[in-house]
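What follows draws every value from the coordinates through simple rules; no lab data is involved. Computed from a prediction, not measured in an experiment: that's the story for all the values here. Neighbour counts run over all protein chains shown; Cβ positions are idealised from the backbone, glycine included.
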Amino acid sequence: MNLRSLMMSTLVVASLLTARTAAAQIDPWEFEVYPYATESRGMIEIETDNAVIANGHSQGGNGTASGTFRSQGLWYSGEAVTYGLTDRIEAAAYLSLAQPSGHGMWWAGDKFRLRGRLFDEEVLPVNLGWYAELEWHKTPQFDDADLELELKPIIEKDFGRLSLIVNPVFEKVLVGDGHNQGFEFGYRNGAYYRWMRSLSPGVEFYGGIGLINDNDPLRQQQHYIFPVVWGKLLGIEYNIGPGFGLTAGSDHVIMKFNLEIERFVGAIFGPSSDRDWFY
């Protein structure tokens, strides 16, 4: 094999490895575990979800950074408006912003979602909900995939003051790099203890394994654990805590702080019937 052929082979292999490394990404604009409960009909919620990479990677395409910017020092900020359409379904629109280290704030994309709960609370052994989202990315700075579909069931079970929440994540690239591949699998799970209204502890878990039918090697996957404190002060709900990467492919330390405020603005639709289980 001559030198030129060797160089071309090396570049092809490197590009394939880079593409696979970026497959098991999580959503750094939204370190949030979704509960069974939705916004009440006619309620509006203003929310800001923030994550700062305190100890990340020095090259793009690693850790939470799916594009050309490096994750080290990167600040993700997702601004959302959520509205309760019915007693069981809410709609939301997100503006995704990011400030890479050494740069100003960038517009990174948008998200639109519907989320709902099935049946009333405690009708089933576990409380069930659903979530559907379309996410558009600004490329190539922040992600190689232009448009993605995200689906996830929401499973919650309460044991007295303790709540366990599981959000399995199924994600499919619709437009952009990886559109010809299948679904990726990830998770957003949490355990929360309701101690005081203003201050309660919890722990959250986030991660992704890559394609369902072709998992990434463990060292390339991302898995995180977040000890958090949460509650409501002066009408503002908060969820704050540090996250620690558990694999080589993860960013090492992330600090998240989510804030939200809600109020009633008026209902568009009438109340849901007690006999309905979906809307």
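Here are the numbers:
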read-out	value
Estimated dipole of the chain in Debye, rounded to 20 [Cβ of Lys and Arg +1, of Asp and Glu -1, Cα centre]	560 debye
Sorted peptide list for 68-74, 223-229, criterion being average Cβ within 10 angstrom, highest first	68-74, 223-229
Exposure proxy order (Cβ contacts within 10 Å, fewest to most) of Ile254, Ile155, Ile212	Ile212, Ile155, Ile254
Per-residue Cβ neighbour rank within 10 angstrom, fewest leading, Leu85, Leu162	Leu162, Leu85
Degrees separating the helix 3-21 axis from the principal Cα axis of the chain, which is the longest one	10 degrees
Fewest-first sequence of Met43, Met196, Met105 by Cβ atoms within 10 Å of each Cβ	Met196, Met105, Met43
